[in-house]
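Below is one structure, written out as structure tokens, with a few remarks after it.
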Amino acid sequence: MSDLKDLYQEVILDHNRHPRNYHGLDDATQRADGYNPLCGDRLTIYLKIENGVIRDASFEGSGCAISKASASLLTETVKGKSVQEAEALFHRFHDMVTSPPDSPTDFSDLGKLSVLEGVREFPVRVKCASLAWHTLRSAVAAKDETVSTE
Ligand code: ZN
């Protein structure tokens, strides 16, 4: 198990050091800001949605490694997905990071996103990991307000 944990750690560190889709989006159709006051993480998520499909996704911001890696993984994952699929992923991701640490679970269907499963052992980190997802939802709903994890 510890090898697996090291591997997950590697993926998170890699996405923190080299975040994917880390830029603004000139032709974004929606955007939203997210803020996690517990940690000081700030994110802006940009989406280009056409006919209910997320054609492009990117983010900017500053925050801890977990929040940045999560946003990076999110933008990679939701590209090409329908808004409904992204919503389903949000719920699945949320279930994963809020499930009890000792509960037997299998989140392999989440693919790369499952590298963040370990945060469920650290309640404070759950907000860091889920900030990007709350912000994504806000962007999809095109609410012009900063979402807070509090
Ligand atoms: Zn954080």
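Tell me which of these VAL119 doesn't satisfy, since it passes every other one: (1) in contact with a Leu (Cβ under 9 Å, 6 or more places away or on another chain); (2) free of Cβ contacts under 8 Å to residues at least 60 places away in the same chain.
Evaluating VAL119 over (1) in contact with a Leu (Cβ under 9 Å, 6 or more places away or on another chain); (2) free of Cβ contacts under 8 Å to residues at least 60 places away in the same chain leaves (1) as the failure.
Write out, first by first residue and then by second, each pair whose Cβ atoms fall under 6 Å of each other, whose residues are 6+ apart or on separate chains, and whose first residue, in region 23-36, is charged (D, E, K, R) while the second is at pLDDT below 95 and open to solvent by 30 Å² or more (accessible area, probe 1.4 Å).
ASP33/THR146
For region 91-101, which positions are assigned to a loop (DSSP other than H, G, I, E, B) and exposed (fewer than 13 other Cβ atoms within 10 Å of the Cβ)?
Selection gives PRO100, PRO101.
Sort out which residues of region 19-40 are over 15 Å from the mean Cα position of the chain (by Cα) and away from the ligand (no atom under 16 Å from the Cβ), and write them in order of number.
HIS23, GLY24, LEU25, ASP26, ASP27, ALA28, THR29, GLN30, listed by residue number.
So, in region 90-106, exactly how many residues are free of Cβ contacts under 8 Å to residues at least 24 places away in the same chain and either of a type in the set (Ser, Thr, Tyr) or touching a Phe, Trp or Tyr at 6+ places or on another chain (Cβ under 7 Å) (or both)?
Looking only at that region, the number is 3.
On the basis of being of a type in the set (Asp, Glu) and either without any contact (Cβ under 8 Å) to a residue 40 or more places away in the chain or within 14 Å of the ligand (Cβ to nearest atom) (or both), does GLU87 make the cut?
no
Among the residues of region 56-89, what is the count of those that are of a type outside the set (A, V, I, L, M) and under 18 Å from ALA142 (Cα atoms)?
Selection size over region 56-89: 11.
List the number of the failed condition for GLU85; all other conditions in (1) at pLDDT 95 or above; (2) assigned to a loop (DSSP other than H, G, I, E, B); (3) open to solvent by 70 Å² or more (accessible area, probe 1.4 Å) hold.
Failing condition for GLU85: (2).
Given the conditions (1) in contact (Cβ under 8 Å) with a residue 12 or more places away in the chain; (2) of a type outside the set (D, E, K, R); (3) farther than 17 Å from HIS15 by Cβ; (4) more than 12 Å from the ligand (Cβ to nearest atom), report the number of the one that ASN51 does not fulfil.
So the condition that ASN51 fails would be (1).
Considering only region 102-138, state which residues are open to solvent by 60 Å² or more (accessible area, probe 1.4 Å) and not in a helix (DSSP H, G or I).
Matches in region 102-138: ASP102, PRO104, ASP106, PHE122.
The values are calculated or read from the model by the stated rules, or taken from the named source; none is laboratory data. Predicted model only: the values in this text are computed from it and were never measured. Note that we place each Cβ from the backbone using ideal geometry, even for glycine, and neighbour counts take in every protein chain shown. Surface areas here come from the heavy atoms of the whole protein model, side chains and all, with no ligands, DNA or RNA. Shrake-Rupley method; radii C 1.70, N 1.55, O 1.52, S 1.80 Å.
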